[in-house]
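The values are calculated or read from the model by the stated rules, or taken from the named source; none is laboratory data. From a predicted model like this one, the values you see are computed outputs, not experimental measurements. Reconstructed Cβ throughout: ideal geometry from the backbone, glycine too, with neighbour counts over all protein chains shown.
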Amino acid sequence: MNTPDAQRPRSEPFRRAALVLLSLLVGLGLLELGLRAATWSWLFAWPNFVLDARKVLSERDTGRTAHDGRLGYVPRDGYTAAGITIGANGLRDTGPAPAGARAPILAVGDSFTFGEEVGDSETWPSDLQRLTGRRVLNGGVSGYGFDQIVLRAEALAPLYRPEAIVVAFIADDIRRTEMRRLWSADKPYFDLEGDGLRLRNVPVPPRAPARETLSFWQKTLGYSFAFDFILRRLDQLHDWYGDHIRVHPRGTGERISCLLTARLAELQKSSGAKLLLVAEYDPVVWDDPRFAAEQRRLTAGLLACAGKNGLATLDTYEAMAATPRPRDLYVLWHMNAAGNALIARLVADALGLKGP
């Protein structure tokens, strides 16, 4: 027969665990209050930091982009902001059209082609227009994966019948093909099917309200200033704030992107336009050797696939590395005017196009 004294030792581990848990909670609570008191302004304001960040992103993107059932979203026709002018079919302004009736050059890509952080006249498509004397259409869209870039080229080429199509990418665009949602915006994606691809998630659903995208932990820990403070110091806010849904294992994007170059080859054949695949580089490439090695590996693989499919390619790395300080070719995350001017010269040379 068990006595109260015999039962007491069994409960001792539970009491200790409860005391440890209580101490941890009290410590975290004091840390939370201490950090808020140190900044003072957050002592009396308790927002959900993740939700607020996603609301800001949603409001910005809703203003400058329009939903597109096949591509996910495109720049909004008629949108204007400081240094940014969007025209018909979501094309960014590249300046007055050159004289003459020659077919244009179509440029597609991500934010590096669109020209984030610079004005309309400082993007590389604008520079390319001035260098070649040909009309250049800037079809770049910030945040696109390589899959969306290819679909954008396929959508715009029949409308403008370009002389050449320049398809630009950074290595991260390959990873983006593994996603169904990026930065809270749903997107099309491709499944591997036999030796080919099958397009999925089309028509693409509209952007979900920011509050509906939060996980349980974001709904709870999102209110913690201390948690936000720690992740900020560890440079981990990108994934914490970001709303991304993965549909393919890491690395699958390399195979998908390689197969997408076959679609570009078909586009080159059907449109009669010369197609040039251009590799650009994230600024972190010039700061982190390990990151650079992986980015160059991914880039080389995609360019090799394109070459096997009969496409012309351009790797801008060596020309950038030959400059005194490659990092000086960027504003923060994207090319500055000097960097874009360099890219434009390389593209013009690769296309074999000279000025008027």
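At a glance:
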item	result
Verdict on Pro209 being modelled with pLDDT of 95 or more and not basic (Lys, Arg)	no
Ala226 in a helix (DSSP H, G or I), of a type in the set (A, V, I, L, M, F, W, C), surrounded by 13 or more Cβ atoms within 10 Å (Cβ to Cβ) and out of contact with any strand residue (DSSP E or B) (no Cβ under 8 Å at 6 or more places or on another chain)	yes
Sole residue being charged (D, E, K, R) and buried (at least 20 other Cβ atoms within 10 Å of the Cβ), chosen from Glu318, Glu294, Glu280, Glu266	Glu280
Residues satisfying the stated conditions in region 100-136, i.e. touching a helix residue (DSSP H, G or I) at 6+ places or on another chain (Cβ under 7 Å) and surrounded by fewer than 24 Cβ atoms within 10 Å (Cβ to Cβ)	Pro104, Val118, Asp120, Glu122, Leu131, Thr132, Arg135
First in region 296-317 and within 13 Å of Glu280 (Cα to Cα), second anywhere and among the charged types (D, E, K, R), Cβ under 8 Å, 6 or more apart	Leu298/Glu254; Thr299/Asp315; Ala300/Asp315; Leu302/Glu254; Leu303/Asp315; Thr316/Glu280; Tyr317/Arg296
Scope region 297-330; condition outside any helix (DSSP H, G or I) and either within 15 Å of Ala171 (Cβ to Cβ) or not β-branched (Val, Ile, Thr) (or both); matching residues	Asn309, Gly310, Leu311, Ala312, Thr313, Leu314, Asp315, Thr316, Ala322, Pro324, Arg325, Tyr330
Answer from Thr123, Thr85, Thr80 - the residue that is touching a Lys or Arg at 6+ places or on another chain (Cβ under 8 Å), of a type in the set (S, T, N, Q) and more than 19 Å from Val278 (Cα to Cα)	Thr85
Members of region 158-181 that are assigned to a helix (DSSP H, G or I) and in contact with a Pro (Cβ under 8 Å, 6 or more places away or on another chain)	Tyr160
Restricting region 54-89 to residues that are at pLDDT below 85 and of a type in the set (A, V, I, L, M), the residue that is nearest to Val118 (Cα to Cα)	Leu57
Single unsatisfied condition, Asp243 versus (1) without any contact (Cβ under 8 Å) to a residue 12 or more places away in the chain; (2) outside any strand (DSSP E or B); (3) touching a strand residue (DSSP E or B) at 6+ places or on another chain (Cβ under 9 Å)	(1)
Failed item in (1) assigned to a helix (DSSP H, G or I); (2) buried (at least 18 other Cβ atoms within 10 Å of the Cβ); (3) out of contact with any Lys or Arg (no Cβ under 7 Å at 6 or more places or on another chain), with His248 passing the rest	(1)
Checklist (1) of a type in the set (A, V, I, L, M); (2) modelled with pLDDT under 95; (3) assigned to a loop (DSSP other than H, G, I, E, B) applied to Val202, failing item	(2)
Residues of region 56-87 satisfying the condition of being under 14 Å from Val141 (Cα atoms), aliphatic (A, V, I, L, M) and out of contact with any Leu (no Cβ under 9 Å at 6 or more places or on another chain)	Ala66, Val74, Ile84, Ile86
